[in-house]
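Here is the structure we will look at, set down as structure tokens.
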Amino acid sequence: MTVQDVLTRPTQWTRLLIRDGNLVRLFIACVLIFVTMSLLRPAVFPTIENFRSMGSQFPEIGILAIAIMIAMLTGGIDLSVVSIANLSGVLAALFIRAVIPADAPPVVVALGLLGAIVIALASGVLFGLINGLLVARVGLTPILATLGTMTLYTGINVVITRGNAVFAENRLVFIGNTYLFDLIPIPLLIFAIVAAAVSVILNKTGFGLKLYLIGSNEKAARFSGIDVPKTLIGAYVLSGLLAAIVAIIFLGRNNSAKWDFAPSYVLQAILVAVLAGVNPAGGSGRIAGIVLAILALQFISTGLNMLLLAVSGGQFFREFAWGALLLIIMVINYYSERRRGRT
Amino acid sequence: MQQPFLSLTNISKAYGGVKALEDVSLTVYPGEIHCLVGENGSGKSTLIKIIAGVVQPDSGRIVINGKERQSLRPMDAIAEGIEVIYQDFSLFPNLSVAENIALSHELAQRKRWVNWREVRAIATEAMRKVNVSLDLDALVGDVPVADKQLVAICRALVQNARLIIMDEATTALTEREIRALFDVINNVKRGGVAVLFVSHKLDEVLAIADKALIIRNGRVVVDADARELDRSKMTYYMTGRDIEESMFEWRGDPEAPPLLEVRHLTSRGNFSDVSFELRSGEILGITGLLGSGRTELALALFGVQPADSGEIRIAGKPVSIRSIQDAIANGIGYVPEDRLTEGLFLERSIANNLVARTLDNLRSKGPLLDADRVKTQITEWVRRLSIKTPNPELPAKSLSGGNQQRVVLAKWLASKPRVLILNGPTVGVDVGSKSELHEIIKRLAGEGLGVIIISDDIPELMQTCNRILLMRRGRIVEQFERKDLTEADLTHHLVAV
């Protein structure tokens, strides 16, 4: 394909970018941050080692952001994702401890781990279903319903574990510490698969399009014969399922599950979703945005860490950088929207 | 002769090469009701914005109260007493009627403390001027649209308005409310205040105007005394063509069993003992004032607010309609009254809107949508209903009112319903598109669809229906064959108590 072709016959991707100003800005931000950091720290930033390291840092938040995005597309939100991940993780870890003895033969280990993963995923689906029923059938506001279940799931977790961490006997650490082709961390691979699968669901299925339509105008969706409660329940179930996938990554990384692990991930995931251009009022948002947003945030926080290694308190710069980037992108978006609104 | 309050001379305005207004002149005298008439896109809104100081003209003179204004800003326009009542009224729904009427006045006085007694006194005085009485303590969000309009007018008067511009004031009102509004406007006029009444409804213009300015494509076509105009002249001036609509005649088989039969349908507090039938290919009008139960009846047939008792039969078989899904399963479709809040996904693409109803039918074997069939359906309906858009991937909000309504219609037609209920099918649609929509509806009926049109637009019913039912206080009180009826008869029956 020649340059002429690209200009006169834009491909689907370039058309998408042109149409969605937010994606363009995110893409530019990503490239700029990457280039800047590479120029400032050429010896350490643009290296395979650093890619391996960065690639293993963001998958959990990335998947949680996708989970929250799904709820946000319908005009809702799911605050319970991290507590679902923790409780599903605890259930899976307890199962591993119960069925796999220390000297178990490989077959038992494999079946046991498979069972543990199924238990994690099934419990994630169940907790998502409870969220969905509260929102769609009982009619609670999503923010209140999932705030409630967040506390509920955490509470159940404390009761089951008496507040202690549950160890997974090193059975799942291969997920956290293995690299495919010695390059791609398994969690990154899982993130890529989840992103691709959700992208197909959102763009190529009736269910996905219904999520957008409900978020755009719930009443019109109802009047168009869309089964709104059923679709909403589906959204929260999917969100719970993704949280359970995160639970498995948590287990792989920490070799344990605990009721109060990573509570700050909820807000960070919301931040990623908003930065990705997902409209919190519903109706718009893309997986491509999530991917670009999480990459931009990862580049900026790793880069700043490297720059400020010598400065005391430099590690706290991650939060600062994320906040600053979010505000900058939002302000730019606001002004460009306003300019577009005027013409 | 007295000095005009406002005079615009040779105003022109272009947006990026597109001429919105060209050489438009307008003179408004105090105590005069001047109607501004034109189709959507004719330049009416731009003209209003120029008078309100929101948009600056490229050339032309603006003289207010004998003073020439070089540049008019919104603050200047308000200071001169120009008040615009937009379609959404710009009221505060969470505040009371009295607060809405009086608070902007209080704010303009730069008072630090609110004197509640004064607020009530101001509001009462304003209502007395136009001879209406509203509950001062009711929240504006809770009062009917017609009352909101009155609140907006009172607020304008409190601001010492000299010219009130009303933009499509009657869109959401029934015939009776419109008449009450006209009384109020005449009271306003007697107080020496000028009114610029913007509308595309010809009957209203004829009923209230002292003068009418008709614009088309940004140019003045006529500026005349309203007495010199009539309906057909105005249509011609607005559209540049004579619109002759043919009447609709039902050519179905009178022996065939009815498509839809409704027997003794009752919904407590909404309507009672409603019975009628609809045959294949018929266009049945249901009319009545707001609150007559016409919309509630439609919502019951569509399963939104199911009826309490009575029977609905489709093609002779009794069916139970307890939900929208039930109605759809029985081949009933519904194009809602308020297309913006109930019909359209404004931010989503036209393509998305067109398939919203039929997503479940457009699957290939698995859960995935069949991209080819989706595409075929979209192109087919854009073509069949002549939806004017360069690209169906554009958001639905990019379309004009008439085209938006076509999208909602197409969304339903794609699901091949047997009965289609249209509630106010041409509300807010300009004259040209309106007759095109009527032709589409007639063509569909010709293909065997059973159509119910719910409307209080009498000319519309007369042009499209072959039979008309009149509802009053939740009951069907009369039934007319179109051919035995004149427009005047129907209007008379509609408002008779």
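The values are calculated or read from the model by the stated rules, or taken from the named source; none is laboratory data. All values derive from a computational prediction rather than experimental measurement. As a convention, Cβ positions derive from the backbone with ideal geometry for all residues, glycine included, and neighbour counts pool all protein chains shown.
Does segment A:223-239 contain at least one residue that is closer than 17 Å to A:Ala136 by Cβ, under 13 Å from the mean Cα position of the chain (by Cα) and not in a loop (DSSP other than H, G, I, E, B)?
Yes, segment A:223-239 contains at least one residue that is closer than 17 Å to A:Ala136 by Cβ, under 13 Å from the mean Cα position of the chain (by Cα) and not in a loop (DSSP other than H, G, I, E, B).
Name the single residue that is farthest from B:Ala156 (Cα to Cα) among those in segment B:92-133 being without any contact (Cβ under 8 Å) to a residue 60 or more places away in the chain and of a type in the set (Lys, Arg).
If we take residues in segment B:92-133 being without any contact (Cβ under 8 Å) to a residue 60 or more places away in the chain and of a type in the set (Lys, Arg), then B:Arg112 is farthest from B:Ala156 (Cα to Cα).
Looking at A:Phe299, A:Phe317, which is the one that is more than 30 Å from A:Glu169 (Cβ to Cβ) and at pLDDT below 75? Outline the logic, then answer.
Numbers: A:Phe299 fails: at pLDDT below 75.
Exactly one residue qualifies, and that residue is A:Phe317.
Which condition breaks for B:Asp137 when tested against (1) surrounded by 14 or more Cβ atoms within 10 Å (Cβ to Cβ); (2) touching a residue at least 24 places away in the same chain (Cβ under 8 Å)?
B:Asp137 satisfies every listed condition except (1).
If you take the residues of segment A:180-218 that are at the interface with another protein chain (Cβ under 8 Å from one of its Cβ atoms) and not in a helix (DSSP H, G or I), which of them is surrounded by the fewest Cβ atoms within 10 Å (Cβ to Cβ)?
Ranking the candidates gives A:Thr205 first.
Given the residues A:Phe250, A:Phe223, A:Phe261, which is the only one that is in contact (Cβ under 8 Å) with a residue 12 or more places away in the chain, hydrophobic (A, V, I, L, M, F, W, C) and either within 14 Å of chain B (Cβ to nearest Cβ) or surrounded by fewer than 21 Cβ atoms within 10 Å (Cβ to Cβ) (or both)? Quick ask: steps written out before the conclusion?
Values: A:Phe250 fails: either within 14 Å of chain B (Cβ to nearest Cβ) or surrounded by fewer than 21 Cβ atoms within 10 Å (Cβ to Cβ) (or both); A:Phe223 fails: in contact (Cβ under 8 Å) with a residue 12 or more places away in the chain.
It is A:Phe261.
Just give me the residues in segment A:131-143 being among the hydrophobic types (A, V, I, L, M, F, W, C) and either buried (at least 23 other Cβ atoms within 10 Å of the Cβ) or in contact with a Leu (Cβ under 9 Å, 6 or more places away or on another chain) (or both), in sequence order.
Start the filter on segment A:131-143 by keeping residues that are among the hydrophobic types (A, V, I, L, M, F, W, C), which leaves A:133-136, A:138, A:140, A:143.
Result: A:Leu134, A:Val135, A:Ala136, A:Leu140, A:Ile143.
Taking segment A:42-66 only, how many residues are in a loop (DSSP other than H, G, I, E, B) and under 30 Å from B:Phe345 (Cα atoms)?
Just the residues of segment A:42-66 that are in a loop (DSSP other than H, G, I, E, B), to begin with: A:42-47, A:56-58.
Pick out the ones that are also under 30 Å from B:Phe345 (Cα atoms) and you get none.
Within segment A:42-66, residues that are in a loop (DSSP other than H, G, I, E, B) and under 30 Å from B:Phe345 (Cα atoms) number 0.
Considering every residue within segment B:377-388, establish whether at least one is touching a Lys or Arg at 6+ places or on another chain (Cβ under 7 Å) and under 23 Å from A:Thr231 (Cβ atoms).
As a first pass, look at segment B:377-388 and keep what is touching a Lys or Arg at 6+ places or on another chain (Cβ under 7 Å): B:385, B:387.
Applying the additional criterion that residues be under 23 Å from A:Thr231 (Cβ atoms) yields none.
Checked against the condition, which is being touching a Lys or Arg at 6+ places or on another chain (Cβ under 7 Å) and under 23 Å from A:Thr231 (Cβ atoms), segment B:377-388 yields no hits at all.
Any chance segment B:180-188 includes a residue that's among the β-branched types (Val, Ile, Thr) and touching a Lys or Arg at 6+ places or on another chain (Cβ under 7 Å)?
Within segment B:180-188, the subset among the β-branched types (Val, Ile, Thr) is B:184-185, B:188.
Going one step further and asking which of them are touching a Lys or Arg at 6+ places or on another chain (Cβ under 7 Å), we end up with none.
There is no residue in segment B:180-188 that is among the β-branched types (Val, Ile, Thr) and touching a Lys or Arg at 6+ places or on another chain (Cβ under 7 Å).
Kindly indicate whether any position in segment A:270-279 is within 14 Å of chain B (Cβ to nearest Cβ) and over 30 Å from A:Arg41 (Cβ atoms).
yes
Could you figure out which of (1) buried (at least 22 other Cβ atoms within 10 Å of the Cβ); (2) part of a loop (DSSP other than H, G, I, E, B); (3) modelled with pLDDT of 80 or more isn't true of B:Val429?
So B:Val429 meets the others, but not (3).
Can you pull out the residues in segment A:67-80 that are in a helix (DSSP H, G or I) and either without any contact (Cβ under 8 Å) to a residue 60 or more places away in the chain or under 12 Å from A:Gln268 (Cα atoms) (or both)?
The initial filter retains those residues of segment A:67-80 that are in a helix (DSSP H, G or I), namely A:67-73.
Hit for segment A:67-80 is A:Ile68, nothing else.
Residues to consider are A:Gly176, A:Gly128; find the one that is in contact with a helix residue (DSSP H, G or I) (Cβ under 6 Å, 6 or more places away or on another chain), surrounded by 20 or more Cβ atoms within 10 Å (Cβ to Cβ) and either touching a residue at least 40 places away in the same chain (Cβ under 8 Å) or among the polar types (S, T, N, Q) (or both).
Values: A:Gly176 fails: surrounded by 20 or more Cβ atoms within 10 Å (Cβ to Cβ).
Being in contact with a helix residue (DSSP H, G or I) (Cβ under 6 Å, 6 or more places away or on another chain), surrounded by 20 or more Cβ atoms within 10 Å (Cβ to Cβ) and either touching a residue at least 40 places away in the same chain (Cβ under 8 Å) or among the polar types (S, T, N, Q) (or both) holds for just one of A:Gly176, A:Gly128, which is A:Gly128.
State whether the residues of segment B:73-91 include one that is free of Cβ contacts under 8 Å to residues at least 60 places away in the same chain, in contact with a Pro (Cβ under 7 Å, 6 or more places away or on another chain) and either of a type in the set (A, V, I, L, M, F, W, C) or surrounded by 16 or more Cβ atoms within 10 Å (Cβ to Cβ) (or both). Let's see the steps before the verdict.
Our first condition is that a residue be free of Cβ contacts under 8 Å to residues at least 60 places away in the same chain; within segment B:73-91, this holds for B:73-77, B:79, B:88.
Then drop every residue that is not in contact with a Pro (Cβ under 7 Å, 6 or more places away or on another chain), which leaves none.
No, segment B:73-91 contains no residue that is free of Cβ contacts under 8 Å to residues at least 60 places away in the same chain, in contact with a Pro (Cβ under 7 Å, 6 or more places away or on another chain) and either of a type in the set (A, V, I, L, M, F, W, C) or surrounded by 16 or more Cβ atoms within 10 Å (Cβ to Cβ) (or both).
Consider B:Arg176 carefully, then state whether it is out of contact with any Leu (no Cβ under 7 Å at 6 or more places or on another chain) and in the same structural domain as B:Ile50 (by TED's automatic domain parsing).
Working: out of contact with any Leu (no Cβ under 7 Å at 6 or more places or on another chain): no; in the same structural domain as B:Ile50 (by TED's automatic domain parsing): yes.
It is false that B:Arg176 is out of contact with any Leu (no Cβ under 7 Å at 6 or more places or on another chain) and in the same structural domain as B:Ile50 (by TED's automatic domain parsing).
For segment B:296-415, give me every one of the helices (runs of 4 or more DSSP H) that falls completely inside it and has 2 or more residues that are facing chain A (nearest Cβ under 9 Å). Write out each step before concluding.
Values: elements: B:324-329, B:350-355, B:371-384, B:401-413.
Once the helices (runs of 4 or more DSSP H) in segment B:296-415 are filtered for at least 2 residues that are facing chain A (nearest Cβ under 9 Å), what remains is B:324-329, B:350-355, B:401-413.
Go through segment B:80-193 and tell me which helices (runs of 4 or more DSSP H), entirely inside it, have 2 or more residues that are closer than 18 Å to B:Leu36 by Cβ and hydrophobic (A, V, I, L, M, F, W, C).
Those helices (runs of 4 or more DSSP H) span B:145-158, B:175-190.
Take segment B:437-459 and flag every residue that is modelled with pLDDT under 85 and in a helix (DSSP H, G or I). Explain how you work it out, then say what you get.
Going residue by residue through segment B:437-459, those that are modelled with pLDDT under 85 are B:456-459.
Correct list: B:Ile458, B:Pro459.
Could you list all residues from segment A:231-247 that are touching a Gly at 6+ places or on another chain (Cβ under 9 Å) and within 14 Å of chain B (Cβ to nearest Cβ)?
Taking segment A:231-247 as the starting set, the residues that turn out to be touching a Gly at 6+ places or on another chain (Cβ under 9 Å) are A:232-247.
Those that are touching a Gly at 6+ places or on another chain (Cβ under 9 Å) and within 14 Å of chain B (Cβ to nearest Cβ): A:Gly234, A:Leu238.
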